[in-house]
Amino acid sequence: MASTPAGNRTTRVHVVSDVHGNARDLARAGEGADALICLGDLVLFLDYADHSRGIFPDLFGRENADRIVELRTARRFEEAREFGARLWAGIGADRATAIEKAVRRQYAEMFAAFPTPTYATYGNVDMPPLWPEYAGPGTTVLDGERVEIGGRVFGFVGGGLRTPMRTPYEISDEEYAAKIEAVGEVDVLCTHIPPEVPELVYDTVARRFERGSAALLAAIRRTRPRYALFGHVHQPLVRRMRIGATECVNVGHFAGSGEPWVLEW
């Protein structure tokens, strides 16, 4: 387990999630903090607030981005997949190359903006195999692992669960539960997705329930961490609630707010 010296003074940690290309604010997110925690989704594939931003509109234009957002928001996922498939067919065998090239450009900018030290885990739209190439010595990547910061133990579990959206880092419920189990008892449990609680997983703008984790909810009830921190749901019905002894906090859609959530002790 890595550690950050605590001393006798107050420890201050800034937490962000769902950065989605906001390198400008990310570069300032660690100011005044002893460490930055990032809970994933560095990549901006398609901005649902501004359809002109992201990998998708860069490749296919704003009008096509408008259409695919319309279909997904209406939960017409099969139509969205068919529409997307027709667009990607125009790129042909170069699809994977085009996506990876665009993601690499974003990762180069995002990882360069991380302060030292940063502790990060993956979001569901991230591409974990690329992270080792961009994470510098000051960035520790954790997934199903623990780290000590200022005398408290933080556990990290990255990725999302499988959905009709088929984003890059979606895994099975069993694999996700195994990572939760590997983390065990911690003071602060850091994940990309929320526990499976209706108020925490419902997105009021997208008008749909995102996938939360039942295994995460069970672990919170069983191990009783001080905090459970997460992102993924950009405009949740409830941003903060208690589950037993645990304060559950959606640390926010950083791409939109530009402000980190602050934890001090």
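Summary of values
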read-out: Of the chymotrypsin sites (Phe, Trp or Tyr not before Pro) in the stretch 7-69, those whose Cβ has at most 16 other Cβ within 10 Å and which sit in DSSP loop; value: none
read-out: GluC sites (Glu not before Pro) restricted to the stretch 147-199 and DSSP loop, no more than 14 other C-beta within 10 Å; value: Glu185
read-out: Mean residue ellipticity (222 nm) of the chain, computed from DSSP H runs ≥ 4 via -39,500 (n - 2.57), nearest 500; value: -9000 deg cm²/dmol
read-out: The stretch 1-93, accessible surface, carbon-and-sulfur percent (1.4 angstrom probe); value: 46
read-out: Overall Cα dimensions of the stretch 95-173 - principal axes, largest extent first, Å; value: 45, 32, 14
read-out: Of Pro194, Pro128, Pro236, the one that fluctuates the most in a GNM where the chain has Cα springs shorter than 10 Å; value: Pro128
read-out: Over the chain, volume per residue of the alpha carbon convex hull, in Å³; value: 115
read-out: Cut-off under 5 Å, modelled amide H: who pairs with Glu247 long-range; value: Tyr227, Ala228
read-out: Label zone at Arg207 (point 7 Å along Cα-to-Cβ), backbone N below 18 Å, the stretch 57-96; value: 66-80
read-out: Per-residue ³J(HN,Hα) for the stretch 53-69, Karplus 6.51 cos²θ - 1.76 cosθ + 1.60, θ = phi - 60°, Hz, x for Gly and Pro; value: 10, x, 4, 4, x, 4, 8, 10, x, 5, 4, 5, 5, 4, 5, 6, 5
read-out: Accessible area (Å², per residue) of the stretch 36-171, counting only protein heavy atoms and a probe of 1.4 Å; value: 45
read-out: Förster radius 41 Å - calculated FRET efficiency between Ile243 and Ile91 (Cβ-Cβ, nearest 0.05); value: 0.35
read-out: Length gained when the stretch Asp58-Glu79 is fully extended (0.36 nm per residue, less Cα-Cα span); value: 5.4 nm
read-out: Heavy atoms of Ile55: accessible area, 1.4 Å probe, square angstrom to 10; value: 0
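The values are calculated or read from the model by the stated rules, or taken from the named source; none is laboratory data. Small disclaimer: the values here were computed from a predicted structure and weren't measured. Because the Cβ atoms are built from the backbone with ideal geometry, glycine has one as well, and the counts that use them run over all protein chains shown. Surface accessibility is based on the protein's heavy atoms, side chains included, excluding ligands, DNA and RNA. Shrake-Rupley method; radii C 1.70, N 1.55, O 1.52, S 1.80 Å.
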